[in-house]
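A.B. asks: Below is the structure I would like to discuss, written out as C-alpha coordinates.
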Amino acid sequence: MSSPTPLKFLMPGWFSLVMGLCGLALAWHSAQAALGDMAAGLALVLGALALLVLGVLLVASVLRVSRYPQALAEDLKHPVRHAFVATLPVSLLLLATVGVALGGASGAWATVWRGVWWLGSLTQLWATLWVLGRWIAPAAASLPGQGPGNTGLWPSITPVLLIPVVGNVVAPLAGMPLGFDGWAAAQMGIGVFFWPLVLLLTLARRIAHSPLPERVLPAWFITIAPPAVIGLVLAQMQAPLLAVQALWGVALFFVLWAAPVVKRIVAQPFGVAFWALSFPLAAFTTLTLRLAQLQPESGWHGLLQNAGVLLLAATSMVVLWLGFATVRGLRDGTLLAPEPVANIIPVSA
(Lines give C-alpha, C1' and ligand atoms only; values in the text may rest on other atoms or scores of the structure.)
Protein backbone atom coordinates (compact mmCIF):
# COMPACT_ATOMS: atom_id res chain seq x y z
CA MET A 1 0.00 0.00 0.00
CA SER A 2 1.27 3.46 -0.89
CA SER A 3 2.41 5.69 1.94
CA PRO A 4 0.34 8.89 2.39
CA THR A 5 3.63 10.81 2.81
CA PRO A 6 6.03 9.30 0.25
CA LEU A 7 8.37 12.31 0.22
CA LYS A 8 9.13 11.66 3.88
CA PHE A 9 11.01 8.49 2.89
CA LEU A 10 13.04 9.95 0.01
CA MET A 11 16.41 9.34 1.65
CA PRO A 12 19.61 10.74 0.07
CA GLY A 13 20.48 7.27 -1.24
CA TRP A 14 18.09 7.86 -4.12
CA PHE A 15 20.85 9.82 -5.85
CA SER A 16 22.53 6.46 -6.45
CA LEU A 17 20.19 6.26 -9.47
CA VAL A 18 22.08 9.17 -10.99
CA MET A 19 25.40 7.50 -10.22
CA GLY A 20 24.31 4.31 -11.96
CA LEU A 21 23.01 6.10 -15.05
CA CYS A 22 26.15 8.25 -15.33
CA GLY A 23 28.34 5.19 -14.92
CA LEU A 24 26.49 3.35 -17.67
CA ALA A 25 26.72 6.43 -19.93
CA LEU A 26 30.50 6.46 -19.47
CA ALA A 27 30.66 2.73 -20.18
CA TRP A 28 28.78 3.13 -23.47
CA HIS A 29 30.97 6.10 -24.35
CA SER A 30 34.05 3.91 -23.86
CA ALA A 31 32.55 1.29 -26.18
CA GLN A 32 32.63 3.57 -29.24
CA ALA A 33 35.81 1.96 -30.53
CA ALA A 34 34.11 -1.43 -30.52
CA LEU A 35 30.50 -0.54 -31.32
CA GLY A 36 30.68 2.74 -33.25
CA ASP A 37 28.25 5.64 -33.27
CA MET A 38 25.44 3.61 -31.67
CA ALA A 39 27.41 3.55 -28.43
CA ALA A 40 27.88 7.32 -28.55
CA GLY A 41 24.17 7.84 -29.11
CA LEU A 42 23.20 5.63 -26.17
CA ALA A 43 25.75 7.40 -23.97
CA LEU A 44 24.11 10.73 -24.83
CA VAL A 45 20.62 9.39 -24.04
CA LEU A 46 21.77 7.95 -20.71
CA GLY A 47 23.55 11.18 -19.82
CA ALA A 48 20.41 13.18 -20.55
CA LEU A 49 18.34 10.73 -18.49
CA ALA A 50 20.79 11.06 -15.59
CA LEU A 51 20.45 14.85 -15.75
CA LEU A 52 16.65 14.57 -15.75
CA VAL A 53 16.62 12.17 -12.79
CA LEU A 54 19.01 14.46 -10.90
CA GLY A 55 16.71 17.43 -11.48
CA VAL A 56 13.64 15.53 -10.30
CA LEU A 57 15.43 14.26 -7.19
CA LEU A 58 16.77 17.71 -6.33
CA VAL A 59 13.29 19.25 -6.50
CA ALA A 60 11.79 16.38 -4.51
CA SER A 61 14.57 16.59 -1.92
CA VAL A 62 14.02 20.33 -1.41
CA LEU A 63 10.30 19.68 -0.92
CA ARG A 64 11.13 16.92 1.54
CA VAL A 65 13.39 19.15 3.61
CA SER A 66 10.75 21.89 3.72
CA ARG A 67 7.94 19.53 4.70
CA TYR A 68 9.70 16.85 6.73
CA PRO A 69 12.92 18.29 8.16
CA GLN A 70 12.87 15.70 10.95
CA ALA A 71 13.03 12.89 8.39
CA LEU A 72 16.31 14.23 7.00
CA ALA A 73 17.62 14.69 10.54
CA GLU A 74 16.87 11.02 11.22
CA ASP A 75 18.75 10.01 8.05
CA LEU A 76 21.77 12.02 9.14
CA LYS A 77 21.76 10.31 12.55
CA HIS A 78 21.28 6.81 11.21
CA PRO A 79 24.39 4.57 11.43
CA VAL A 80 24.04 3.42 7.79
CA ARG A 81 21.87 5.94 5.94
CA HIS A 82 23.99 8.93 6.97
CA ALA A 83 26.76 7.87 4.57
CA PHE A 84 24.42 8.14 1.58
CA VAL A 85 24.61 11.94 1.77
CA ALA A 86 27.66 11.62 -0.48
CA THR A 87 25.63 10.16 -3.35
CA LEU A 88 24.63 13.71 -4.35
CA PRO A 89 28.16 15.17 -4.66
CA VAL A 90 29.43 12.01 -6.35
CA SER A 91 26.49 12.29 -8.77
CA LEU A 92 27.51 15.87 -9.57
CA LEU A 93 31.12 14.82 -10.19
CA LEU A 94 29.97 11.99 -12.45
CA LEU A 95 27.55 14.23 -14.33
CA ALA A 96 30.42 16.64 -15.03
CA THR A 97 32.49 13.65 -16.16
CA VAL A 98 29.78 12.57 -18.59
CA GLY A 99 29.47 16.12 -19.89
CA VAL A 100 33.21 16.41 -20.47
CA ALA A 101 33.39 12.95 -22.06
CA LEU A 102 30.56 13.67 -24.49
CA GLY A 103 31.14 17.35 -25.20
CA GLY A 104 34.77 17.99 -24.37
CA ALA A 105 36.39 20.28 -21.81
CA SER A 106 35.91 23.37 -23.95
CA GLY A 107 32.99 24.95 -25.72
CA ALA A 108 29.65 26.39 -24.71
CA TRP A 109 28.97 23.86 -21.95
CA ALA A 110 32.46 23.92 -20.44
CA THR A 111 31.58 26.66 -17.95
CA VAL A 112 28.55 24.68 -16.80
CA TRP A 113 30.61 21.54 -16.24
CA ARG A 114 33.22 23.52 -14.33
CA GLY A 115 30.53 24.86 -12.02
CA VAL A 116 28.97 21.42 -11.56
CA TRP A 117 32.38 19.90 -10.91
CA TRP A 118 33.37 22.46 -8.29
CA LEU A 119 30.03 22.10 -6.53
CA GLY A 120 30.43 18.32 -6.50
CA SER A 121 34.09 18.50 -5.45
CA LEU A 122 33.55 20.83 -2.50
CA THR A 123 30.41 19.10 -1.25
CA GLN A 124 32.21 15.75 -1.56
CA LEU A 125 35.01 17.09 0.61
CA TRP A 126 32.42 18.31 3.11
CA ALA A 127 30.72 14.89 3.13
CA THR A 128 34.05 13.21 3.82
CA LEU A 129 34.85 15.56 6.69
CA TRP A 130 31.34 15.25 8.13
CA VAL A 131 31.26 11.44 8.02
CA LEU A 132 34.75 11.04 9.45
CA GLY A 133 33.95 13.73 12.01
CA ARG A 134 31.48 11.27 13.56
CA TRP A 135 34.40 8.97 14.33
CA ILE A 136 35.90 11.46 16.78
CA ALA A 137 32.68 13.08 18.00
CA PRO A 138 32.03 12.73 21.75
CA ALA A 139 28.58 11.23 21.11
CA ALA A 140 29.97 8.48 18.87
CA ALA A 141 29.21 5.75 21.39
CA SER A 142 25.47 6.45 21.49
CA LEU A 143 24.34 5.78 17.92
CA PRO A 144 20.69 4.80 17.50
CA GLY A 145 19.70 1.29 16.55
CA GLN A 146 22.40 -0.52 18.47
CA GLY A 147 21.82 -4.01 19.75
CA PRO A 148 23.83 -6.69 21.52
CA GLY A 149 27.27 -6.97 19.98
CA ASN A 150 26.90 -3.64 18.19
CA THR A 151 28.71 -1.00 20.21
CA GLY A 152 30.33 2.29 19.45
CA LEU A 153 30.88 2.96 15.75
CA TRP A 154 30.80 -0.62 14.52
CA PRO A 155 27.17 -0.47 13.27
CA SER A 156 28.18 2.36 10.92
CA ILE A 157 31.15 0.49 9.44
CA THR A 158 29.75 -0.88 6.18
CA PRO A 159 30.83 -0.70 2.52
CA VAL A 160 28.48 2.29 2.21
CA LEU A 161 31.28 4.32 3.83
CA LEU A 162 33.23 3.92 0.59
CA ILE A 163 30.86 6.45 -1.03
CA PRO A 164 31.66 9.49 1.14
CA VAL A 165 35.25 8.53 1.92
CA VAL A 166 36.55 6.96 -1.29
CA GLY A 167 34.19 8.90 -3.57
CA ASN A 168 36.92 11.52 -3.76
CA VAL A 169 38.74 9.41 -6.36
CA VAL A 170 36.03 10.34 -8.89
CA ALA A 171 37.17 13.98 -8.91
CA PRO A 172 40.07 13.69 -11.42
CA LEU A 173 37.92 12.06 -14.13
CA ALA A 174 36.52 15.48 -15.07
CA GLY A 175 38.75 17.69 -12.96
CA MET A 176 41.92 17.02 -14.92
CA PRO A 177 40.44 17.63 -18.39
CA LEU A 178 38.85 20.82 -17.04
CA GLY A 179 42.26 22.04 -15.89
CA PHE A 180 41.99 21.48 -12.14
CA ASP A 181 44.82 18.94 -11.99
CA GLY A 182 46.29 19.95 -8.64
CA TRP A 183 43.08 20.04 -6.64
CA ALA A 184 41.73 16.92 -8.35
CA ALA A 185 44.91 15.00 -7.53
CA ALA A 186 44.81 16.20 -3.93
CA GLN A 187 41.21 15.09 -3.57
CA MET A 188 42.03 11.74 -5.14
CA GLY A 189 44.76 11.33 -2.55
CA ILE A 190 42.15 11.45 0.21
CA GLY A 191 40.22 8.60 -1.38
CA VAL A 192 43.31 6.52 -2.11
CA PHE A 193 44.44 6.86 1.50
CA PHE A 194 41.11 5.88 3.06
CA TRP A 195 40.18 3.11 0.61
CA PRO A 196 42.21 0.32 2.28
CA LEU A 197 41.39 1.69 5.74
CA VAL A 198 37.62 1.57 5.23
CA LEU A 199 37.88 -1.83 3.57
CA LEU A 200 39.87 -3.27 6.48
CA LEU A 201 37.45 -1.79 9.03
CA THR A 202 34.50 -3.28 7.13
CA LEU A 203 36.10 -6.72 7.08
CA ALA A 204 36.96 -6.41 10.78
CA ARG A 205 33.33 -5.56 11.57
CA ARG A 206 32.13 -8.54 9.53
CA ILE A 207 34.59 -11.05 10.98
CA ALA A 208 34.98 -9.98 14.59
CA HIS A 209 31.81 -8.09 15.47
CA SER A 210 28.68 -8.68 13.42
CA PRO A 211 27.60 -9.42 9.84
CA LEU A 212 25.88 -6.83 7.70
CA PRO A 213 22.09 -6.69 7.85
CA GLU A 214 20.52 -8.46 4.89
CA ARG A 215 19.16 -5.20 3.50
CA VAL A 216 22.70 -3.78 3.28
CA LEU A 217 24.10 -6.73 1.31
CA PRO A 218 24.05 -4.88 -2.06
CA ALA A 219 26.66 -2.53 -0.59
CA TRP A 220 29.31 -5.23 -0.98
CA PHE A 221 29.33 -4.36 -4.69
CA ILE A 222 30.57 -0.88 -3.81
CA THR A 223 33.96 -2.48 -3.09
CA ILE A 224 34.39 -2.84 -6.87
CA ALA A 225 34.23 0.91 -7.50
CA PRO A 226 37.43 2.24 -5.86
CA PRO A 227 39.96 0.10 -7.78
CA ALA A 228 37.98 0.50 -11.00
CA VAL A 229 37.80 4.30 -10.76
CA ILE A 230 41.42 4.62 -9.64
CA GLY A 231 42.40 2.48 -12.62
CA LEU A 232 40.51 4.82 -14.94
CA VAL A 233 42.21 7.84 -13.40
CA LEU A 234 45.64 6.23 -13.82
CA ALA A 235 44.83 5.48 -17.46
CA GLN A 236 43.78 9.11 -17.91
CA MET A 237 47.06 10.23 -16.32
CA GLN A 238 48.95 7.98 -18.77
CA ALA A 239 50.42 6.00 -15.89
CA PRO A 240 52.39 2.81 -16.67
CA LEU A 241 50.18 0.14 -18.19
CA LEU A 242 51.13 -2.31 -15.45
CA ALA A 243 49.60 0.00 -12.84
CA VAL A 244 46.29 0.12 -14.72
CA GLN A 245 46.36 -3.65 -15.16
CA ALA A 246 47.00 -4.09 -11.45
CA LEU A 247 43.96 -2.01 -10.53
CA TRP A 248 41.88 -3.91 -13.08
CA GLY A 249 42.96 -7.14 -11.40
CA VAL A 250 41.91 -5.85 -7.98
CA ALA A 251 38.55 -4.74 -9.37
CA LEU A 252 38.08 -8.13 -11.05
CA PHE A 253 38.71 -9.85 -7.72
CA PHE A 254 36.00 -7.79 -6.02
CA VAL A 255 33.57 -8.56 -8.86
CA LEU A 256 34.13 -12.29 -8.35
CA TRP A 257 34.13 -11.85 -4.57
CA ALA A 258 30.78 -10.03 -4.46
CA ALA A 259 29.06 -12.14 -7.13
CA PRO A 260 27.89 -14.95 -4.79
CA VAL A 261 25.99 -12.40 -2.72
CA VAL A 262 23.61 -11.75 -5.64
CA LYS A 263 21.49 -14.77 -4.76
CA ARG A 264 20.84 -13.41 -1.28
CA ILE A 265 20.21 -9.92 -2.63
CA VAL A 266 17.53 -10.86 -5.15
CA ALA A 267 15.78 -13.02 -2.54
CA GLN A 268 14.81 -9.81 -0.72
CA PRO A 269 12.10 -7.30 -1.58
CA PHE A 270 13.44 -4.70 -3.99
CA GLY A 271 14.78 -1.50 -2.44
CA VAL A 272 16.74 1.53 -3.56
CA ALA A 273 19.85 -0.08 -2.01
CA PHE A 274 19.87 -2.46 -4.99
CA TRP A 275 21.22 0.43 -7.09
CA ALA A 276 24.56 -0.18 -5.36
CA LEU A 277 25.13 -2.78 -8.07
CA SER A 278 24.93 -0.30 -10.94
CA PHE A 279 27.83 2.15 -10.76
CA PRO A 280 30.50 -0.33 -9.60
CA LEU A 281 29.68 -2.73 -12.45
CA ALA A 282 29.64 0.15 -14.93
CA ALA A 283 33.00 1.41 -13.67
CA PHE A 284 34.57 -2.03 -14.05
CA THR A 285 33.09 -2.32 -17.56
CA THR A 286 34.55 1.07 -18.50
CA LEU A 287 37.97 0.13 -17.14
CA THR A 288 37.93 -3.14 -19.10
CA LEU A 289 37.13 -1.35 -22.35
CA ARG A 290 39.73 1.33 -21.61
CA LEU A 291 42.38 -1.29 -20.89
CA ALA A 292 41.69 -2.87 -24.27
CA GLN A 293 42.22 0.51 -25.94
CA LEU A 294 45.54 0.98 -24.15
CA GLN A 295 47.07 -2.12 -25.76
CA PRO A 296 45.80 -2.28 -29.36
CA GLU A 297 48.73 -4.37 -30.56
CA SER A 298 48.65 -6.82 -27.67
CA GLY A 299 47.14 -10.26 -27.81
CA TRP A 300 44.96 -9.20 -24.89
CA HIS A 301 43.23 -6.49 -26.96
CA GLY A 302 40.61 -8.70 -28.55
CA LEU A 303 39.94 -10.66 -25.36
CA LEU A 304 39.53 -7.54 -23.25
CA GLN A 305 37.39 -5.79 -25.86
CA ASN A 306 35.06 -8.78 -26.17
CA ALA A 307 34.92 -9.10 -22.39
CA GLY A 308 34.15 -5.40 -22.14
CA VAL A 309 31.29 -5.66 -24.63
CA LEU A 310 29.83 -8.63 -22.75
CA LEU A 311 30.17 -6.76 -19.48
CA LEU A 312 28.50 -3.75 -21.08
CA ALA A 313 25.54 -5.90 -22.12
CA ALA A 314 25.28 -7.45 -18.66
CA THR A 315 25.58 -4.10 -16.87
CA SER A 316 22.99 -2.56 -19.17
CA MET A 317 20.59 -5.40 -18.36
CA VAL A 318 21.20 -4.88 -14.63
CA VAL A 319 20.50 -1.15 -14.87
CA LEU A 320 17.44 -1.79 -17.05
CA TRP A 321 16.12 -4.25 -14.48
CA LEU A 322 16.84 -1.78 -11.68
CA GLY A 323 14.99 0.92 -13.60
CA PHE A 324 11.90 -1.21 -14.21
CA ALA A 325 11.90 -2.43 -10.61
CA THR A 326 12.15 1.16 -9.38
CA VAL A 327 9.24 2.31 -11.55
CA ARG A 328 7.19 -0.65 -10.38
CA GLY A 329 8.06 0.03 -6.75
CA LEU A 330 7.08 3.69 -7.08
CA ARG A 331 3.83 2.71 -8.78
CA ASP A 332 2.99 0.12 -6.13
CA GLY A 333 4.05 2.31 -3.24
CA THR A 334 6.61 -0.16 -1.90
CA LEU A 335 9.66 2.12 -2.18
CA LEU A 336 8.82 5.50 -0.68
CA ALA A 337 7.57 3.90 2.51
CA PRO A 338 9.03 2.70 5.83
CA GLU A 339 11.20 -0.35 5.32
CA PRO A 340 13.24 -2.64 7.58
CA VAL A 341 16.55 -1.14 6.41
CA ALA A 342 16.30 1.20 9.38
CA ASN A 343 16.99 -1.74 11.68
CA ILE A 344 20.72 -2.39 11.72
CA ILE A 345 20.60 -5.36 14.09
CA PRO A 346 21.83 -8.41 12.08
CA VAL A 347 19.12 -10.84 11.03
CA SER A 348 21.40 -13.67 9.92
CA ALA A 349 24.82 -15.00 10.71
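The values are calculated or read from the model by the stated rules, or taken from the named source; none is laboratory data. Keep in mind it's a predicted model, so treat the numbers as computed, not measured. Virtual Cβ from ideal backbone geometry, glycine too; neighbours counted across all protein chains shown. Surface accessibility is based on the protein's heavy atoms, side chains included, excluding ligands, DNA and RNA. Shrake-Rupley method; radii C 1.70, N 1.55, O 1.52, S 1.80 Å.
A.B. asks: Can you tell me which residues in region 1-30 are open to solvent by 30 Å² or more (accessible area, probe 1.4 Å) and polar (S, T, N, Q)?
C.D. replies: Within region 1-30, SER2, THR5 qualify.
A.B. asks: Examine region 2-9 for a residue that is in a loop (DSSP other than H, G, I, E, B) and either without any contact (Cβ under 8 Å) to a residue 24 or more places away in the chain or within 22 Å of the chain's Cα centre (by Cα) (or both), and state whether such a residue exists. Before the answer, list the steps.
C.D. replies: Of the residues in region 2-9, the ones in a loop (DSSP other than H, G, I, E, B) are 2-5.
With either without any contact (Cβ under 8 Å) to a residue 24 or more places away in the chain or within 22 Å of the chain's Cα centre (by Cα) (or both) added as a condition, the list becomes 4.
Yes, region 2-9 contains a residue that is in a loop (DSSP other than H, G, I, E, B) and either without any contact (Cβ under 8 Å) to a residue 24 or more places away in the chain or within 22 Å of the chain's Cα centre (by Cα) (or both).
A.B. asks: Considering only region 12-107, give the helices (runs of 4 or more DSSP H) lying wholly within it that have at least 1 residues that are under 21 Å from GLY271 (Cα atoms).
C.D. replies: Values: elements: 16-30, 32-35, 37-67, 69-77, 87-103.
Answer list for region 12-107: 16-30, 37-67, 69-77, 87-103.
A.B. asks: Would you confirm whether or not region 31-44 contains a residue that is open to solvent by less than 10 Å² (accessible area, probe 1.4 Å), of a type in the set (Gly, Ala, Ser), within 17 Å of the chain's Cα centre (by Cα) and at pLDDT 95 or above? Talk me through it step by step, then tell me what you get.
C.D. replies: Filtering region 31-44 down to residues open to solvent by less than 10 Å² (accessible area, probe 1.4 Å) leaves 31, 39, 43.
The next check asks that each one be of a type in the set (Gly, Ala, Ser); those that pass are 31, 39, 43.
The next check asks that each one be within 17 Å of the chain's Cα centre (by Cα); those that pass are none.
No, that holds for no residue.
A.B. asks: Does region 151-161 hold any residues that are part of a helix (DSSP H, G or I), among the hydrophobic types (A, V, I, L, M, F, W, C) and either more than 18 Å from ASP75 (Cβ to Cβ) or more than 11 Å from the chain's Cα centre (by Cα) (or both), and which are they? Show your work before the answer.
C.D. replies: The initial filter retains those residues of region 151-161 that are part of a helix (DSSP H, G or I), namely 154-156, 159-161.
Those left that are additionally among the hydrophobic types (A, V, I, L, M, F, W, C): 154, 160-161.
Within region 151-161, just TRP154 meets the criteria.
A.B. asks: Within region 105-117, how many residues are of a type outside the set (A, V, I, L, M) and without any contact (Cβ under 8 Å) to a residue 12 or more places away in the chain?
C.D. replies: So the answer is 5.
A.B. asks: Next question. Among helices (runs of 4 or more DSSP H) lying entirely in region 255-349, which contain 3 or more residues that are within 30 Å of PRO79 (Cα to Cα), open to solvent by 70 Å² or more (accessible area, probe 1.4 Å) and at pLDDT 95 or above?
C.D. replies: On the way: elements: 262-266, 278-294, 300-332.
It comes to 300-332.
A.B. asks: Given (1) of a type outside the set (Phe, Trp, Tyr); (2) open to solvent by 40 Å² or more (accessible area, probe 1.4 Å); (3) modelled with pLDDT under 95, identify the lone condition not met by THR202.
C.D. replies: Single failed check for THR202: (2).
A.B. asks: Next question. Would you point out the residue of region 59-95, among those that are open to solvent by 70 Å² or more (accessible area, probe 1.4 Å) and in contact (Cβ under 8 Å) with a residue 24 or more places away in the chain, that is farthest from THR326 (Cα to Cα)?
C.D. replies: Among those residues, the one meeting the criterion is LYS77.
A.B. asks: Could I ask something else about it? Out of region 169-198, which residues are out of contact with any Pro (no Cβ under 6 Å at 6 or more places or on another chain), touching a residue at least 24 places away in the same chain (Cβ under 8 Å) and farther than 17 Å from VAL131 by Cα?
C.D. replies: VAL170, ALA171, PRO172, LEU173, ALA174, GLY175, MET176, PRO177, LEU178, GLY179, PHE180, TRP183
A.B. asks: Shifting gears a bit: Run down ALA283, ALA243, ALA251 and say which single residue is without any contact (Cβ under 8 Å) to a residue 40 or more places away in the chain and closer than 21 Å to ALA34 by Cβ. So that I can check it myself, show each step before the final result.
C.D. replies: Working: ALA283 fails: without any contact (Cβ under 8 Å) to a residue 40 or more places away in the chain; ALA243 fails: closer than 21 Å to ALA34 by Cβ.
The conditions single out ALA251.
A.B. asks: Still on this structure, please answer the following. Filter region 111-157 down to the residues that are in contact with a helix residue (DSSP H, G or I) (Cβ under 8 Å, 6 or more places away or on another chain) and either on the phi > 0 side of the Ramachandran plot or modelled with pLDDT under 65 (or both) and list them by number.
C.D. replies: LEU143, PRO144, GLY145, GLN146, GLY149, ASN150
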